[in-house]
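Q: Below are the structure tokens for one structure; questions will follow.
What follows draws every value from the coordinates through simple rules; no lab data is involved. Everything quoted here is computed from the prediction, not taken from an experiment. Methodologically, a virtual Cβ is constructed for each residue, glycine included, from the backbone with ideal geometry; neighbour enumeration extends over all protein chains shown.
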Amino acid sequence: MERGYPDYMLESIELVKQTRERRLKEIPELMTLEEREAILRQYHPDYKEGGKRTVKVGVNAGEPMPHEAADLIEAYPLIEPEQIDLSTIDYDSDILIIGAGGAGLTAALWAVNSGADVDQILMVTKLRMGDSNSKMSQGGIQAADCEDDNPVLHYLDVIGGGHFTNDPELVKWLVREAPMIIKWHEELGIMYDKDEEGCMFVAPGGGTCRKRMHSCKDYTGMEIVRVLMDEALNLDIPTLEFTSAVELLMDDAGKVAGAVLWDMEKEDYFIARAKATLMATGGFGRLHIQEFATTNHYGATADGLVMANRVGARIIDMDSVQYHPTGSSYPEQIVGLLCTEKLRGRGAQPVNKYGEEFVYPLEPRDVESAALIRECAKGNGLVTPTGMPGVWLDTPLIDILHGEGTIEKEFSAMSLKYKRFDIDMTQDPIFVYPTLHFQNGGIVINERTGVVGVPGLFASGETTGGVHGKNRLMGNSILDYCVYGRRMGIYATEYVKNATVGKLNLDHVTKYTKLLEDAGGIPRTRKAPILLPEYRGERTISHALALLG
Amino acid sequence: MEEEAEKEKMVKVYIMGREFEVPATLNIVKAFEYAGYRFVRGIGCRGGYCGACATVYRFKDDYRLNFALACQKAVEDGMYLTILPFVPAEKAQYELDKLKPRGTVLLELYPEIARCVACNTCTKACPQELEVMDYVQAAIRGDIKELSNLSFDCIQCGLCAMRCPAEIVPYNVGQLARRLYGKYVAPQAKHTHARVEEIHACVFDEELDNYSILVKEDVEKLKKIYVEREIKVG
């Protein structure tokens, strides 16, 4: 096999090889809380001067957000309320689920489990069923179900990793219900990695005090979501694909009562009335905060935040953005894509161009990312032929530590990804740099997934805030959409039993438009939700360097 | 200078028959976008995990058809390209709880697997490099375990189903088998079940609630507990 690196990178790999034996024994120490704080302040993109601003209109006025997110909040609606005919109801259901990724699918299945009439559910998604970040998660899902572990330790890890900014009540239910989720998944036939006795294979993650990461090779999210989809198809859950919500509807009692839907292909709108509206729209990676490349799905454009904000939902912790420490930085074709943290969980180490280690491999993600950025800022990284910075992730260590064939067996997705570009990650390290990965903050919910202050609206998954505080640990995002997707299905079903819907209106949209006009300085052309990113021609943001030279 | 040359290298591709010059560093999805196309169909995760961008291409003066995921394949000079917008495929509907993990279930729900002529066309079309024909054969034999393992890395792009002359939908057969395996054949995780029992018995609730109180009332104390917790990950 050819070695898919240019000569100057191969020369650096030789240095990495020379130190490998020593690095097996000498692993850098964990940072203290003070050291973590210091490196974050100096190197994490969240602290970069000029990266964010406070929103100036609406219920979230005063909230600091990255400019890219604030631009969506301070944007005009896609629709003109007076042009929308609310007298014809195209879809009438008890439960409208917006989004068909992990949270939406889980909510749909648990609504049915809780006694909801299948025909009274409508799930809409702007692309295909299952299209989501959920499907792309590789490394695993945390659950404290092993003997030397327990939910209390899991709780400490979550809240310490989140720098004690999480909503403690949400953390409690997250860790408490984690083992139940694994058991439910087993009943659905999800193939977790186990030994012959049924004992779960568990790995550590950044910031965990126990090995708690359950996995399905490095296809964990894909395995979970394809089973959830299979079950949704078996149950015939009514689903509209290529149909996005663009604005929530309210009734005359001030409750959320469905959504205006937009057919992405036919460019036609529909009115969907519902007693309960469930927001499961995912995160904002495709906004490319601070021009970072991203691991995220094409549809991760934060539509749910935009719609929920206009009906008065509070949004928190948007000032903290998760950059995954190890995104691919070479080759160019896969820049930004995820290299799972499980690689480091199994022994891979970040190493600079001289073959030197510079950080404990499993710090919480924000700290680990800051350390990689610092190393490159010091000039100890390399730059690829297309201008991407990075350091090495020394993957061959995994096979040395756990036996030949381990990478092939446990990381088949990752090794195929590199093999396609003539890189054998069992022999050579891979080249990585932090990549935009996760929206830590979002819509404020209570432990029953009700959106605080907005009756009729529920939310779960990446579009919500509070669960992870200002930093999420690996393996807790799958867990988040499972635990809170499930709760959303259960509590929405309970809610609709006694709920009614009054006369529909879009007055909140008219009012919000007025607020934007009064605030001044917001261009009329800036509209949201954006539904899909724009990559045509020279506007290709994540590859500006490659395209513009 | 070498770096400069790499940046500027362009290749000629034919997108659904139309000629475009695009940078050689792009994958097929980005080449479409560079050329000015905006995707709604044939696009998904852009990371090789969702199977939305199944791609068929040929080179000029070459009879062979090639297959790839558009987001995982670099453009090459002379590619004639298209991305499939949709794959029509039959999926059996079933209640997993009522099925038995017998090998015959696969033939009952997907009888067309018996039509396999072992031509291996499915395997050649698989962008995940799976042994698709081997797993279809395992399905005919009723070997749920073998089928589950061989099909595990399937991302359900549908190329195998589109190429099969016997009109089999291998990826849906694989999905059924894996669920049967995960639910009935694989050993159950007894430690998970035991922990769920403990949680139902509220074993951890008091301590969790105490910590939640500390978050609000004495976060410094909680920080101390966090820092001093024993780390056992070796």
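Q: R0 = 22 Å: FRET efficiency of residue A:120 with residue A:448, Cβ-based, nearest 0.05?
A: Once the sixth-power term is evaluated, E becomes 0.65.
Q: Tell me which residues come under 5 Å, amide H to amide H, from residue A:137 once H is placed; ignore anything under 5 positions away on its chain.
A: The list, which skips near neighbours in sequence, is A:221, A:222.
Q: For the protein assembly as shown, what is one quarter of the convex hull surface built on the Cα atoms, given in nm²?
A: 31.9
Q: Another question, then. Express the relative contact order of chain B as a whole percentage, based on alpha carbon pairs under 8 Å and six or more residues apart in sequence.
A: Dividing the mean separation by the residue count of chain B yields 15 percent.
Q: Checking the a/c ratio against 1.5 first, then a/b against b/c, what shape does the Cα gyration tensor give for region B:2-83?
A: Oblate is the answer for region B:2-83, as a/c is 1.5 or above yet b/c matches or exceeds a/b.
Q: Further question: Starting from the Cα gyration tensor of chain B, take the square roots of the eigenvalues, sort them a ≥ b ≥ c, and report rounded, prolate or oblate (rounded when a/c is under 1.5, otherwise prolate if a/b is larger than b/c, else oblate).
A: Verdict is oblate for chain B.
Q: For labels at residue B:145 and residue B:9 in the simple 7 Å Cα→Cβ model, what's the distance in nm?
A: The two pseudo-label positions are separated by 4.7 nm.
Q: Still on this structure, please answer the following. When the Karplus curve 6.51 cos²θ - 1.76 cosθ + 1.60 is applied with θ = phi - 60°, which whole-Hz ³J(HN,Hα) does each residue of region A:30-44 get, with x for Gly and Pro?
A: Couplings: 4, 7, 6, 4, 5, 5, 4, 4, 5, 5, 4, 4, 7, 10, 6 Hz.
Q: Sort out the exposed loop GluC sites (Glu not before Pro) in chain A (DSSP loop, at most 12 other Cβ within 10 Å) and tell me the longest stretch that has none.
A: Formally, the longest exposed-site-free interval is A:268-403.
Q: Using a simple charge model, +1 on the beta-carbon of Lys and Arg, -1 on the beta-carbon of Asp and Glu, nothing else, what dipole does chain A show about its Cα centre, in debye to the nearest 20?
A: 800
Q: Mind listing the phi-derived Karplus ³J(HN,Hα) values for region A:272-286, rounded to whole Hz, using 6.51, -1.76 and 1.60 with θ = phi - 60°, and x for any glycine or proline?
A: 10, 9, 8, 6, 10, 10, 10, 8, 9, 9, x, x, 10, x, 6
Q: How long is the gain from residue A:383 to residue A:424 if the chain were fully straight, where each residue apart is worth 0.36 nm and the alpha carbon distance is subtracted?
A: 12.8 nm
Q: Counting pairs of alpha carbon atoms under 8 Å apart in space and at least six apart in sequence, what relative contact order in percent does chain A give?
A: 25
Q: Length gain on complete extension for the stretch residue A:92 to residue A:252, per 0.36 nm per residue less the alpha carbon to alpha carbon distance?
A: 55.9 nm
Q: Rounded, prolate or oblate: which one fits region A:344-433, using the alpha carbon gyration tensor with axes a ≥ b ≥ c (rounded when a/c is under 1.5, else prolate when a/b beats b/c, else oblate)?
A: oblate
Q: Also, quick follow-up: Pop the C-beta distance of residue A:21 and residue B:185 into the FRET formula with R0 = 51 Å and round what comes out to the nearest 0.05.
A: 0.75
Q: Express in nm, to one decimal, how much length is gained between residue B:223 and residue B:76 on full extension, taking 0.36 nm for each residue of separation and deducting their alpha carbon distance.
A: The span from residue B:223 to residue B:76 would gain 47.4 nm if fully extended.
Q: May I ask for the equivalent-ellipsoid semi-axes of region A:124-165, computed as the square root of five times each C-alpha gyration tensor eigenvalue and listed largest first in whole Å?
A: Equivalent ellipsoid semi-axes, largest first: 30, 15, 8 Å.
Q: Here's another thing I want to ask about it. Can you pull out the chymotrypsin sites (Phe, Trp or Tyr not before Pro) in region A:176-228 that DSSP calls coil and that have at most 16 other Cβ atoms within 10 Å?
A: Loop-located and lightly packed - A:201.
Q: Same structure, new question: Just to be sure I understand the model, the point goes 7 Å from the Cα along the line to the Cβ. What's the resulting residue A:53 to residue A:35 distance in nm?
A: 3.9
Q: Sticking with this structure for a sec: Which lysines have a Cα less than 28 Å from the Cα of residue A:255, not counting those fewer than 8 places away in the same chain?
A: Within the straight-line cut-off, residue A:255 pairs with A:56, A:126, A:275, A:497, A:503, A:511, A:514, A:527.
Q: For region A:31-97, would you read off the P(r) tail past 20 Å as a percentage of all alpha carbon pairs?
A: Value for region A:31-97: 61 percent of Cα pairs lie more than 20 Å apart.
Q: Here is a further query. Could you tell me which of the pairs A:172/A:211; A:25/A:409; A:48/B:73; A:353/A:419; A:194/A:342; A:183/A:342 are separated by over 27 angstrom between their Cα atoms in the structure shown?
A: In this structure, A:48/B:73 exceed 27 Å between Cα atoms.
Q: I would also like to ask the following. Which number gives the lysine pairs in region B:96-185 that have C-alpha atoms under 21 Å apart and are eight or more places apart or on different chains?
A: 5
Q: If you don't mind, there's one more thing I want to ask. Calculate one ³J(HN,Hα) per residue across region A:125-130 by plugging θ = phi - 60° into the Karplus curve 6.51 cos²θ - 1.76 cosθ + 1.60, and present them in order as whole Hz with x for glycine and proline.
A: Running phi through 6.51 cos²θ - 1.76 cosθ + 1.60 with θ = phi - 60° gives 8, 6, 10, 9, 3, x Hz.
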